[in-house]
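**Q** This is the structure I want to talk about, given as structure tokens.
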Amino acid sequence: MPTIEIRGLTKRFGNKVVLDGLDLTVPGGRNTVVIGGSGTGKSVLLKCVLGLLRADEGEIRIGGEDVMKMDERELVRVRRRFGMLFQGAALFDSMNVEDNVAFALRRLHKYPERQIRNVVEEKLAMVGLYNIQSLMPSELSGGMKKRVGLARAIASEPEILLYDEPTTGLDPIMADVINELIIRLRVSLGVTSISITHDMKSAYKIADHIAMLYKGKIIEVATAEEIRHSTNPVVSQFVEGRAQGPITAEHEEFIRFVRRGGGSGVQEEQ
Amino acid sequence: MSREAKVGIFVILGLVILMYFTFRVSKWGGVAARGYKLTVDFESAAGLEPKADVKMAGVPVGKVEEIRLVGDRARLDLRIDGKTRIPVDSVASIQTQGLLGEKYVEITPGKRSDQTLPPGGRVANTVPPLNLDEMIRKFSMMSDDIKRFTETLSGTLGTEEGKQALAEIIRNIREASAVLRNVSTANEDRLNRILANVDRLSTDLQDISSVNKEDLRATMANFRAFSQTLKEQTPGLASKLETMGDQVGGVVGENRENIKESIANLKQAFGKLDNTLSAAERVMAKIERGEGTLGKLVNDNTTVGSLNDALEGINRYVRKTESLKTFLDYRLEYLAESSEYKHYVNLRLQPSPDKYYLIGVVDDPRGKLTSQSVTTTTDGVTSRQQQDAYSNKLKISAQVAKRFYGLTLRGGVIESTGGVGADYEVIPEKLTVGIDAFDFARKGNRQPHLKAFGNYDIVKNLFITGGVDDIISKDKNLRSFFFGLGIKFADDDLKTVLGAVPLRP
Amino acid sequence: MADERKKNGISLVLEHLGTTAYRMVEELGNVFVLFLQCVTGLVRPPSEFRNIMKQMEEVGIRSLPVVLVTAMFTGMVLALQSWSGFQRFQATHFVGSVVALSITRELGPVFAGLMVSGRVGAAMAAELGTMKVTEQIDALVTLATNPVKYLVLPRVIAATAVLPVLVIFADFVGILGGYFVAVYLLGANPYLYVNKTYQYLTFTDIYTGLIKAAVFGFLIALISCYNGFNAEGGAQGVGRATTRAVVASSMAVLVSDYFMTSFMF
Ligand SMILES: Nc1ncnc2c1ncn2[C@@H]1O[C@H](COP(=O)(O)OP(=O)(O)OP(=O)(O)O)[C@@H](O)[C@H]1O
Ligand SMILES: [Mg+2]
């Protein structure tokens, strides 16, 4: 199973540096969870890996091949090995659920048409959805969209899976079903995967390794257990979800304002 | 209704309207294309446009197809409705709708409704188109003349002398006419003899071929032209008459006796001339009526007709061996969906422009279908999968085709199965679109093989092709765009090519 | 800002013109690149047959009512106008010719083009723009699909193929509209009118109109897709892309019409 090696990855938008010489090794057949604050560039990282965004510097090796040096045609070949779940699901809203899930299967002629229905049904069952094939994305709830997006990502059985917040917006039981699914895909099919999550419970459960993204760099990579007991103040503030610490030091003003206003347990979101 | 069907109907409806348009703006315009062609020559076709109407008794019966210069005259090709028969002695003229309206060709039907012009025939009798300006000038000239004439006349006749002179003239005329009567009765025998001679002479002309017939026609046409001139000169004649009247008026008083005599002589001379003329006219009439051998020869359309038929037959026979055309073409098609190539070689035998036979060989990369079931077990889930595989196969085609204007219908064996097809020539000799339907009893319950294509000739021997193969197939990887390139040779090219190849055993 | 105030007015205007011109050239280049991507997409499997059919239905059949009504009224008003003009010199029998020639050569293709750029161009830009801002285009890429080939190519092919068909309908209905007005309202002789309609009309008039239509369809689809593809930001960005698409494609129709008329026909 392919290993993903990222070296010195830099990505800027205008003069705003989002990724700043980031290094990360994602071992083959393992699940690496990337954690980090909102807006630190986790989604950007995944898009760079897929070549959806062109990074400014650095290299991204997938099984030894540098994605950054590839032209569009080679990228197409490489992308066939990937599946990606988008943060906003990104379902095709002009197609129903079945056509969404079956999309890659039909494009790649992976199965004869009569077989595709069964595959779609099977993949939807894996994410806990039944008999919704003919619904349009606009008729689904946020959590359902997420799961259809996941079913679509795994439908063509890729070797590498990128999950951008797979459990966000799901109820705890369904979140656990998805966690089980991610683990099963890794164990039985040996999928290499990168997951992004804010949900530490889920992270501990599915991760072989956890990497913390902070200020454009990976500041620590370790197993779930090591992360939980990390001595790095930034990491420990994040995994324990404390409002006070080095991450929020820059937001002292904000924290004080919330305290004074008597605002209840605020988590900074978006 | 499926989306494809809707789009198909949409496009086909569009093509139908386009065909209607191309038909309407073509040479035949609104006339049934089955009509036949006639030609007619005019001194001038000024103001006449192609597609102008041809009318008979005011009723449209055809269109002007083409106007071109032959020698120094304008030759019109007329396309006449199939039902309309035009007598041989009809007269064609260019007329104007209203005073300033558009021009059209009017055919004034002749009396010979038993003998009509054959297809390709010529309307020999024409009236030169009236020029409005000239007409008006002539009219004004004539009215001037008439005015002056009547003035002189009244001036002359107003005097006592004039009155007497007039009385005298009248008396003379009476006498002269009496003489005239005598002359004609006396000469009747002789005239009859002349006629008989002419008749005999005409018998001697029995062997004159149809080539000479043209000369005779020309003579008659000249004769008509002469009488035409006579008619046209009438205004001039009037002015001459007027001068004469003047002179007459002047001299009458003095030379009454002399004049009386001269007039009498004149009258006599006129009478003789008149007689001769009327005799000649009678001969002509006889000829035209088809009496006598000459007349028969000139006018017998059945003779001419059968001769034409014979010639036609020979022509057709000669053409048959000569007109068998052979075409050979090779074409390569790239199927975009499967990235495969399909090769075609076709031989086309074309005995006549509206018919051909096609024999061909097709090398089809997806010619043969083998399917087998595969059972796989993943994660405890057992799935059966139908695996289809295609392999190369050589196929043959043999078709008969018939052409109706731009549309060619084909049928026979297409790629080793029964099939039909149709082609439509959108731009003559350049762009052809078509559709093939075959393989109706396909394996695995598949839809018939439907292929739509367009061929475009870049240069004479090179064409490109493109379209959609297997349009209605439910299997998505069977349906495919294709495009390709072909070369083709007509037999002339082949002769050249073969001629260049040294054929030594 | 302070810097700009120091510059005199003329150099500011020139600078503005310069950047505008530069942007236009750059955009033209981008549109051309998009076209080249379409061409390469054309030769790669899979064929986008289904998509093309879908777009043909969208561009062709769905636009038919608008185009037909426009063409009908164009023909009618043409007949009315030319009748009142030609009446002054007793040439009303040429109304049929004028209507047929104007419709087939010019008005049929141009009005159909403008209608389609309003209706379809906006729809294409909005749809692609929305897909862009909701990451659906990224999703396509991850599903081993080239978005240009999947989204742009079918639209361009469909519009190029279908616009001539629409124009055939427009020609027919426009001529029919002129006929109705001339014959039933103005009392023209029906036989003469039809006769005149087709007398001066040639293959070339019809085909040149259809070629124009194909070019219009091509430009409308390409420009609209380009604008949709480059939508930035949320709903507002999509709105802006849509407006730009309609304005640019309508202008492209009129400008290319002039050049085609002057160069080719
Ligand atoms: N296309 C873009 N243009 C400009 N800036 C962008 C773009 N995409 C992302 N950014 C910026 O990059 C930064 C990182 O964005 P990203 O979406 O990766 O955050 P994230 O870590 O995924 O956050 P979250 O956990 O909220 O999803 C953000 O500050 C965002 O403003
Ligand atoms: Mg994110």
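**Q** Criterion first (open to solvent by 20 Å² or more (accessible area, probe 1.4 Å), free of Cβ contacts under 8 Å to residues at least 60 places away in the same chain and at positive phi) does residue A:14 satisfy it? First the steps, then the outcome.
**A** Working: open to solvent by 20 Å² or more (accessible area, probe 1.4 Å): yes; free of Cβ contacts under 8 Å to residues at least 60 places away in the same chain: yes; at positive phi: yes.
Answer is yes for this residue.
**Q** Please go through the range A:180-221 and pick out each residue that is without any contact (Cβ under 8 Å) to a residue 24 or more places away in the chain and in a strand (DSSP E or B).
**A** Listed by number, the residues that qualify are A:219, A:220.
**Q** Follow-up question, since we're still on this one. Which one of the conditions (1) away from ligand 1 (no atom under 12 Å from the Cβ); (2) in contact (Cβ under 8 Å) with a residue 24 or more places away in the chain does residue A:34 fail to meet, given that it meets all the rest?
**A** For residue A:34, the failing item is (1).
**Q** I'd like to check something: does the range A:140-152 contain any residue that is farther than 17 Å from residue A:87 by Cβ and either within 16 Å of ligand 2 (Cβ to nearest atom) or in contact (Cβ under 8 Å) with a residue 24 or more places away in the chain (or both)? Show your work before the answer.
**A** In the first step, residues of the range A:140-152 are kept if they are farther than 17 Å from residue A:87 by Cβ; the result is none.
The answer is no; no qualifying residue exists.
**Q** What are the residues in the range C:155-190 that are within 11 Å of another protein chain (Cβ to nearest Cβ) and either among the charged types (D, E, K, R) or over 23 Å from the mean Cα position of the chain (by Cα) (or both), if any?
**A** Listed by number, the residues that qualify are C:171, C:189.
**Q** From C:116, C:120, C:67, which residue is open to solvent by less than 30 Å² (accessible area, probe 1.4 Å), touching a Leu at 6+ places or on another chain (Cβ under 6 Å) and either among the polar types (S, T, N, Q) or assigned by TED's automatic domain parsing to the domain that holds residue C:259 (or both)?
**A** Numbers: C:116 fails: touching a Leu at 6+ places or on another chain (Cβ under 6 Å); C:120 fails: touching a Leu at 6+ places or on another chain (Cβ under 6 Å).
Step by step, each of C:116, C:120, C:67 is checked, and only C:67 is open to solvent by less than 30 Å² (accessible area, probe 1.4 Å), touching a Leu at 6+ places or on another chain (Cβ under 6 Å) and either among the polar types (S, T, N, Q) or assigned by TED's automatic domain parsing to the domain that holds residue C:259 (or both).
**Q** Quick check on my filter: what residues within the range B:84-109 are over 15 Å from residue B:48 (Cβ atoms) and either surrounded by 18 or more Cβ atoms within 10 Å (Cβ to Cβ) or at pLDDT 80 or above (or both)? Spell out how you get there, then give the answer.
**A** Taking the range B:84-109 and keeping what is over 15 Å from residue B:48 (Cβ atoms), we get B:84-91, B:98-99, B:108-109.
Of everything in the range B:84-109, those that are over 15 Å from residue B:48 (Cβ atoms) and either surrounded by 18 or more Cβ atoms within 10 Å (Cβ to Cβ) or at pLDDT 80 or above (or both) turn out to be B:84, B:85, B:86, B:87, B:88, B:89, B:90, B:91, B:108, B:109.
**Q** Do you know which residues across the range A:82-103 are away from ligand 2 (no atom under 13 Å from the Cβ) and either in a helix (DSSP H, G or I) or among the hydrophobic types (A, V, I, L, M, F, W, C) (or both)?
**A** Applying the first criterion (away from ligand 2 (no atom under 13 Å from the Cβ)) to the range A:82-103 yields A:82-83, A:91-103.
Across the range A:82-103, the qualifying residues are A:82, A:91, A:92, A:95, A:97, A:98, A:99, A:100, A:101, A:102, A:103.
**Q** Here's a follow-up. Keeping to the range A:162-179, report how many residues are of a type in the set (A, V, I, L, M, F, W, C), outside any helix (DSSP H, G or I) and at pLDDT below 90. Outline the logic, then answer.
**A** Applying the first criterion (of a type in the set (A, V, I, L, M, F, W, C)) to the range A:162-179 yields A:162, A:170, A:173-175, A:177-178.
Add one more test, that the residue is outside any helix (DSSP H, G or I), and what stays is A:162, A:170.
If we keep only those that are at pLDDT below 90 as well, we get A:170.
Adding up the residues that qualify gives 1.
**Q** Of (1) in a strand (DSSP E or B); (2) buried (at least 18 other Cβ atoms within 10 Å of the Cβ); (3) more than 16 Å from ligand 2 (Cβ to nearest atom), residue A:59 satisfies all except one. Which?
**A** (2)
**Q** Something else: Collect the residues in the range A:61-84 that are modelled with pLDDT under 90 and either among the acidic types (Asp, Glu) or within 16 Å of ligand 1 (Cβ to nearest atom) (or both), keeping them in residue-number order.
**A** A:65, A:66, A:71, A:72, A:74
Yes or no, residue by residue, for (1) in the same structural domain as residue A:175 (by TED's automatic domain parsing); (2) in contact with a helix residue (DSSP H, G or I) (Cβ under 7 Å, 6 or more places away or on another chain); (3) among the charged types (D, E, K, R):
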residue	(1), (2), (3)
A:98	no, yes, yes
A:101	no, yes, no
A:112	no, no, no
A:118	no, no, no
A:122	no, no, yes
A:129	no, yes, no
A:139	no, no, yes
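**Q** On to the next question. Based on this model, can you work out whether residue A:38 counts as more than 14 Å from chain C (Cβ to nearest Cβ) and either within 16 Å of ligand 2 (Cβ to nearest atom) or modelled with pLDDT under 85 (or both)? First the steps, then the outcome.
**A** Values: more than 14 Å from chain C (Cβ to nearest Cβ): yes; either within 16 Å of ligand 2 (Cβ to nearest atom) or modelled with pLDDT under 85 (or both): yes.
Considered against the rule, which asks whether it is more than 14 Å from chain C (Cβ to nearest Cβ) and either within 16 Å of ligand 2 (Cβ to nearest atom) or modelled with pLDDT under 85 (or both), residue A:38 comes out as yes.
**Q** Given the residues C:151, C:128, C:78, C:143, which is the only one that is crowded, with 20+ Cβ neighbours inside 10 Å and facing another protein chain (nearest Cβ under 9 Å)? Walk me through it before giving the result.
**A** Numbers: C:151 fails: facing another protein chain (nearest Cβ under 9 Å); C:128 fails: facing another protein chain (nearest Cβ under 9 Å); C:78 fails: facing another protein chain (nearest Cβ under 9 Å).
Checking each option against the conditions leaves just C:143.
**Q** Would you call residue A:14 within 14 Å of chain C (Cβ to nearest Cβ) and either within 16 Å of ligand 2 (Cβ to nearest atom) or over 23 Å from residue A:159 (Cα atoms) (or both)?
**A** So residue A:14 fits the description; yes.
The values are calculated or read from the model by the stated rules, or taken from the named source; none is laboratory data. Treat the numbers as computed from the prediction; the structure is a model and nothing was measured. Heads up, the Cβs are rebuilt from the backbone with ideal geometry, glycines too, and the neighbour counts pull from every protein chain shown. Only protein heavy atoms, including side chains, enter the accessible area calculation; ligands, DNA and RNA are left aside. Shrake-Rupley method; radii C 1.70, N 1.55, O 1.52, S 1.80 Å.
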